[in-house]
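See structure below.
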Amino acid sequence: MKLLLDENLSRRLVPLLLPHYPETTHVCFAGLERATDVEIRVFAAHQGYVIVTRDSDFNDLAVLRGAPPQVIRLRIANCRNDHMARLLIDRQDELRRRLEDPAIALVELT
């Protein structure tokens, strides 16, 4: 699963996630740091990324427009990067199972 981290997540998450999600990147590393949410969605869809965000805007777009791309929304309080990475790592099997269905546009993690 290729993860594209939204700008509201730290780019320092990338090295923490790479051993488990080898094709992870951050919007800033993809040249999208000033891109709109729609531009990020188009990029993610064309490149096969799942967007990871804490932003409700991607939630709304996923509901309105469906997939691709799929979105993982982290509905968690502010926490350290290692805790955020641990959530994605510990639930990796669940995320893979849920996102196997291309009709699933959004998965929320709490």
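Rundown of residues vs (1) part of a helix (DSSP H, G or I); (2) on the phi > 0 side of the Ramachandran plot; (3) without any contact (Cβ under 8 Å) to a residue 12 or more places away in the chain, yes/no style:
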{"site": "PRO15", "(1), (2), (3)": "yes, no, yes"}
{"site": "GLU33", "(1), (2), (3)": "no, no, no"}
{"site": "GLU39", "(1), (2), (3)": "yes, no, yes"}
{"site": "VAL42", "(1), (2), (3)": "yes, no, yes"}
{"site": "HIS46", "(1), (2), (3)": "yes, no, yes"}
{"site": "ILE51", "(1), (2), (3)": "no, no, no"}
{"site": "ASP57", "(1), (2), (3)": "yes, no, no"}
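Which members of the stretch 60-76 meet the condition of being charged (D, E, K, R) and either out of contact with any Leu (no Cβ under 8 Å at 6 or more places or on another chain) or part of a helix (DSSP H, G or I) (or both)? Full working, then the answer.
Filtering the stretch 60-76 for residues charged (D, E, K, R) gives 60, 65, 73, 75.
ASP60, ARG65, listed by residue number.
Select, from VAL50, VAL63, the only residue that is of a type in the set (Val, Ile, Thr), under 19 Å from ILE104 (Cα atoms) and at pLDDT below 95.
VAL63
Conditions tested, residue by residue: (1) farther than 21 Å from GLU7 by Cβ; (2) modelled with pLDDT under 95.
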site: ILE72; (1), (2): no, no
site: ILE76; (1), (2): no, yes
site: ARG80; (1), (2): no, yes
site: ARG96; (1), (2): yes, no
site: ILE104; (1), (2): yes, yes
site: LEU109; (1), (2): no, yes
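Select from the stretch 24-50 the residues that are hydroxyl-bearing (Ser, Thr, Tyr) and surrounded by fewer than 20 Cβ atoms within 10 Å (Cβ to Cβ) and write down the one among them that is nearest to the chain's Cα centre (by Cα).
THR25
For LEU61, work out the one condition from (1) surrounded by fewer than 19 Cβ atoms within 10 Å (Cβ to Cβ); (2) out of contact with any His (no Cβ under 7 Å at 6 or more places or on another chain) it doesn't fulfil.
So the condition that LEU61 fails would be (1).
Does ALA105 satisfy the condition of being of a type outside the set (Val, Ile, Thr), farther than 13 Å from LEU9 by Cβ and in contact (Cβ under 8 Å) with a residue 12 or more places away in the chain?
yes
The values are calculated or read from the model by the stated rules, or taken from the named source; none is laboratory data. Model, not experiment: these values are computed from the prediction. With ideal geometry, Cβ positions are generated from the backbone for all residues, glycine too; neighbour counts draw on all protein chains shown.
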